[in-house]
Amino acid sequence: QVQLVESGGGLVQAGGSLRLSCAASGSIGSINAMGWYRQAPGKQGELVARITRGGTTNYADSVKGRFTISRDSPKNTVYLQMNSLKPEDTAKYYCTADISPRVYWGQGTQVTVSS
């Protein structure tokens with residue numbers, strides 16, 4: 001089994017910053033990629049950012065220039081630094097880990113941005 005534990009969510013004013021963390025543990029094996037996905041009520045879910053084992057990163061257009069994904073490979077941990085937060089960033093953020101042959105999900109952490 002693989003466990004993903006997120007932390008760092010909370011309430012912040014627009015323009016503020018938050019840093020999410022996600023630590024993977026258990027029968028990890030080789031992690032191909034880790035990422036962050038968000039889901040807001042009434043909206044389509046969105047892959048926010050992803051980082052591969054090789055360090056390649058991808059971002060949703062809506063967060064480019066504001067969010068940065070990084071990782072600490074020895075700790076099997078991924079981070080999401082979120083700056084210049086907007087009310088539309090309000091969502092539950094889920095950590096994902098691509099460990100073949102499946103993708104694992106964390107329980108999610110709520111991010112709320114007030115205007």
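The values are calculated or read from the model by the stated rules, or taken from the named source; none is laboratory data. Keep in mind it's a predicted model, so treat the numbers as computed, not measured. Here the Cβ positions follow ideal geometry from the backbone for every residue, glycine too, while neighbour counts run over all protein chains shown. Surface accessibility is based on the protein's heavy atoms, side chains included, excluding ligands, DNA and RNA. Shrake-Rupley method; radii C 1.70, N 1.55, O 1.52, S 1.80 Å.
Could you give the nm distance between label points at ARG102 and SER84, where each point is 7 Å from its Cα heading toward the beta carbon? My value for the distance between the label points is 3.9 nm. Counting Lys and Arg as +1 and Asp and Glu as -1 over every other residue whose Cβ lies under 14 Å from the Cβ of GLY108, the net charge comes to 0. Pairs of Lys residues in the chain are counted when their Cα atoms are under 21 angstrom apart and they lie 8 or more places apart or on different chains; the count is 5. One chain, two ends: SER17 and THR52. Fully extended at 0.36 nm per residue, the span grows by 10.2 nm beyond their Cα-Cα distance. Take the chain with all the other protein chains still there, run a 1.4 Å probe, and you get 53 Å² of accessible area per residue.
Got the relative contact order for the chain handy, in percent, Cα pairs under 8 Å and 6 or more residues apart? Contact order relative to length: 37 percent.
Going 7 Å from the Cα of SER7 in the Cα-to-Cβ direction, what parts of the stretch 24-55 have a backbone nitrogen less than 19 Å from that spot? Inside the label zone: 24-26, 35-36.
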